[in-house]
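We did not get these values from a lab; they are worked out from the coordinates using the rules stated. Owing to the predicted nature of the structure, the values given are computational and were not obtained by experimental measurement. Quick reminder, even Gly has a Cβ in these numbers, built from the backbone with ideal geometry, and neighbours come from all protein chains shown.
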Amino acid sequence: MNRFVKLHHDKYRPTIGMLGVNTTYRSEALIFDGARQAAKEHGANFIYFSPFVTDLDLMRELRAAPDAGLPIRRKIDQIADHLAAFDLDGLIIIGWAREFDEVHVPYFRDRLAPVRLLSIGKPHAEAGIPSIVVPGGDYIRELVRHLHKVHGRRRIGYIPSWTLDDRADCYAIELRELGCYDERLIVPLEALEGIHDVGERLRRSVEWLVDEQPEPVDAILTTNETDGLVVLDLLKERGIRVPEDVALATYEDSFLIAYSKPALTTIDYPFHDIGYGAVEQLCRMMLGEEFPLIREIPSIIHYRDSCGCTVDRIRPVSDEPPADAALAPAADPDREAPEALRAEIPVPASTGASLPPAHCAISRQTAADDSWRTIHGGALARLQRA
């Protein structure tokens, strides 16, 4: 094991690194911020290593064949040689990176030994690497169930991520249980083979789901923030209304997602918490504490305009006016607004959630008309978790 830097009073200060994938990703900045905060609180040195390849020939090979085995191994060798100079005690890797797929991660582990590795975002238990993940498949199932049971969607298309994970399997399992599974609604990786541009990849995916199906889709799921926003634009280009014609939901939350038009329903991915938890776990492991090989961090689903759930469409519980307006009871907004919220955004029984008595007002800027509205009752945040 690498030596710790010895401090006074027999305390040790571990050195932990994080290997980046793309410095332009907002998600990576959030992971870094959480990791930096944990390192400060737990007395660790923390080094962020930006993605790099110094061999120009290797860069050309990776661009030409990003999934090819030999160029990836050469990239791993360059990374390992560079990291060796820093005497790391632990290293955080972003598990969905191409060089950390099931084929190459054992080679990376062996090249970095004896540095302790911890994977975030994707488990690598088969390689004996501790991992911190979000149970994304469970949330995908919950979202599919919501689209079907609450909004009546049956033809729910799915655009997979660049690398395989369990979310597509969970999507298929849930639709089978609901009795509306159609394998043609999962965009096949073969149809995207050789496409490395994000925009072109998503344009091809929308063509597959909208133009090449015997029946049009009535909902689409994507697996990250960028995909959700680009697909929204592609649907608008075609004159397809969201959510009236096609509901849209995605993965990862941000201000761009929350204030797009329409605001996108999404599974919030806790990047900051994962970064914090990774450094904290490595520090505690170095002190002898044991952790499960795979540790899960929970998240929530934000139900918004793009699936049809929106507080902008609050309506009275009864659409029938009283026969005699003079005899109608006086309106009680503190009572009616939570009931309308419940009618618009049902809370699944499995959550055990219930609306508390209305006692305060929550202000929210709507995505539909940029005006401020006041929603009475303290339950909006809880409803968003439904």
Whole-Hz ³J(HN,Hα) from phi, Karplus 6.51 cos²θ - 1.76 cosθ + 1.60, for the stretch 22-30, glycine and proline x: 8, 5, 8, 6, 4, 4, 5, 5, 5
Fully extended contour minus Cα-Cα distance, from Asp33 to Ser50, at 0.36 nm per residue: 4.7 nm
Two-decimal ratio, the stretch 125-173, of alpha-carbon radius of gyration to 2.2 N^0.38 Å: 1.38
Computed Rg/Rh of the stretch 136-268, alpha carbon atoms with Kirkwood Rh: 0.92
Sites Ala80 and Asp211 - FRET efficiency at Förster radius 51 Å, r taken between beta-carbons, to 0.05: 0.65
HN-Hα J in Hz across the stretch 247-255 - Karplus 6.51, -1.76, 1.60, θ = phi - 60°, x for Gly and Pro: 6, 9, 9, 9, 9, 5, 10, 6, 5
Dipole of the stretch 136-268, positive direction: furthest Cα of Gly152, Leu256, Leu209, with charges on the beta-carbon: Gly152
Peptides 180-187, 222-229 ordered by average Cβ neighbours within 10 Å, highest first: 222-229, 180-187
